[in-house]
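Each remark here refers to the structure printed beneath this line.
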Amino acid sequence: MYDYIKGEVARITPEYIVVDRDGLGFQILTPNPFRFQVGSAELVYTYLQVREDIQQLIGFKTLSERELFRKLIQVTGIGPKGALAILASGQPDQVIGAIEREDDAFLVKFPGVGKKTARQIILDLKGKLHDLADEEIVGGLFEVEEEEGTGNQSLDEALQALTALGYSERELKKITPLLEELEGETTDTIMKKALQLLFGS
């Protein structure tokens, strides 16, 4: 129904952004809202999730990212929330590589993905993602412009986003002292470092 929405980012929360289009605000769930900046003009590729009790727009920075999301939600045991967590926690080229290598140990590190679900992802998607492994999705999909911000504010935003993705308070407390050393860094930089620590790399 909606292929994309182009407008100005009016608000950012840990779970969604609001895009203003001609005075109408679209609430759009997205893997990592803090990749966007308030006031920036964005073209957001969208997917409309329709259930009996909800109609929700889900948005992505690139077309390839949206297509990977569509592939993931076709897997038994992976819903939209799980697919968003995977896209937020791991770069698409890493996810595709793990599927092609049948690396279920990598996949189970994502929130909500157990051994059985990881094997199902591999079974359903191995050999079917080559069309997504192009320059756009492999060559730094998560690069964003650096933005100014205080270390504390950026850290708080990163921790809120990680909580929304399903990481426990216990997991986050273990890595918070290391993240506090990234004073003055952007939310996106802190998110990347946090995910590296959570993944044990």
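The values are calculated or read from the model by the stated rules, or taken from the named source; none is laboratory data. Source: prediction; values computed, not measured. Glycine also receives a Cβ, built like all others from the backbone with ideal geometry; neighbour counts cover every protein chain displayed. Heavy atoms of the whole protein, side chains included, go into the accessibility calculation; ligands, DNA and RNA do not. Shrake-Rupley method; radii C 1.70, N 1.55, O 1.52, S 1.80 Å.
Of a type outside the set (Gly, Ala, Ser), crowded, with 17+ Cβ neighbours inside 10 Å and modelled with pLDDT of 75 or more - does that describe any residue in the range 146-155? Outline the logic, then answer.
In the first step, residues of the range 146-155 are kept if they are of a type outside the set (Gly, Ala, Ser); the result is 146-148, 150, 152-153, 155.
If we keep only those that are crowded, with 17+ Cβ neighbours inside 10 Å as well, we get 155.
With the extra rule that they be modelled with pLDDT of 75 or more, the set shrinks to 155.
Yes, the conditions are met somewhere in the range 146-155.
Enumerate the pairs (first residue in the range 186-201 and surrounded by 23 or more Cβ atoms within 10 Å (Cβ to Cβ) and modelled with pLDDT of 85 or more; second residue anywhere and outside any helix (DSSP H, G or I) and hydroxyl-bearing (Ser, Thr, Tyr)) with beta-carbon separation below 9 Å, excluding pairs fewer than 6 apart on the same chain, so at least 6 apart or on different chains.
ALA194/TYR167
Of the residues that make up the range 75-85, is at least one in contact with a Leu (Cβ under 7 Å, 6 or more places away or on another chain), in a helix (DSSP H, G or I) and at pLDDT below 90?
Yes - at least one qualifying residue is present in the range 75-85.
Filter the range 1-37 for residues that are open to solvent by 20 Å² or more (accessible area, probe 1.4 Å), touching a residue at least 40 places away in the same chain (Cβ under 8 Å) and in a strand (DSSP E or B) and give the result.
If the condition is that a residue be open to solvent by 20 Å² or more (accessible area, probe 1.4 Å), touching a residue at least 40 places away in the same chain (Cβ under 8 Å) and in a strand (DSSP E or B), then TYR4, LEU29 are the ones that fit.
Do the conditions hold for SER40, that is, is it of a type in the set (Ser, Thr, Tyr), crowded, with 19+ Cβ neighbours inside 10 Å and closer than 21 Å to MET191 by Cβ? It would help to see each step written out before you state the result.
Details: of a type in the set (Ser, Thr, Tyr): yes; crowded, with 19+ Cβ neighbours inside 10 Å: no; closer than 21 Å to MET191 by Cβ: yes.
When the stated conditions are applied, SER40 does not pass them.
For the range 5-49, enumerate the residues that are hydroxyl-bearing (Ser, Thr, Tyr) and within 16 Å of the chain's Cα centre (by Cα).
Residues of the range 5-49 hydroxyl-bearing (Ser, Thr, Tyr): 13, 16, 30, 40, 45-47.
Selection gives THR13, TYR16, THR30, TYR45, THR46, TYR47.
Within the bounds of the range 44-51, is there any residue that is assigned to a helix (DSSP H, G or I) and in contact with a Gly (Cβ under 9 Å, 6 or more places away or on another chain)?
Filtering the range 44-51 down to residues assigned to a helix (DSSP H, G or I) leaves none.
No: zero hits.
Out of all the residues in the range 56-74, which are farther than 27 Å from GLU8 by Cβ and either assigned to a loop (DSSP other than H, G, I, E, B) or small (Gly, Ala, Ser) (or both)? Please lay out each step first, then the result.
Looking only at the range 56-74, we keep the residues that are farther than 27 Å from GLU8 by Cβ, and these are 71-74.
Once the filter is applied, which keeps residues that are farther than 27 Å from GLU8 by Cβ and either assigned to a loop (DSSP other than H, G, I, E, B) or small (Gly, Ala, Ser) (or both), the range 56-74 yields ILE73, GLN74.
When the range 160-180 is examined, which residues are found to be in a loop (DSSP other than H, G, I, E, B) and closer than 12 Å to ALA194 by Cα?
To start, the set of residues in the range 160-180 that are in a loop (DSSP other than H, G, I, E, B) comprises 165-168, 180.
The answer is TYR167, GLU180.
Considering only residues that are aliphatic (A, V, I, L, M) and assigned to a helix (DSSP H, G or I), look in the range 181-201 and name the one that is farthest from VAL108 (Cα to Cα). If you could, list the steps in order and put the result at the bottom.
From the range 181-201, those aliphatic (A, V, I, L, M) are 182, 190-191, 194-195, 197-198; that's our starting set.
With the extra rule that they be assigned to a helix (DSSP H, G or I), the set shrinks to 190-191, 194-195, 197-198.
On the way: ILE190: 22, MET191: 19, ALA194: 17, LEU195: 14, LEU197: 15, LEU198: 12 Å.
My answer is ILE190.
Out of all the residues in the range 49-63, which are touching a residue at least 24 places away in the same chain (Cβ under 8 Å) and either surrounded by fewer than 22 Cβ atoms within 10 Å (Cβ to Cβ) or over 23 Å from ASP124 (Cα atoms) (or both)? Show your work before the answer.
So in the range 49-63, the residues touching a residue at least 24 places away in the same chain (Cβ under 8 Å) come out as 49, 56-63.
GLN49, GLN56, LEU57, GLY59, LYS61, THR62, LEU63, listed by residue number.
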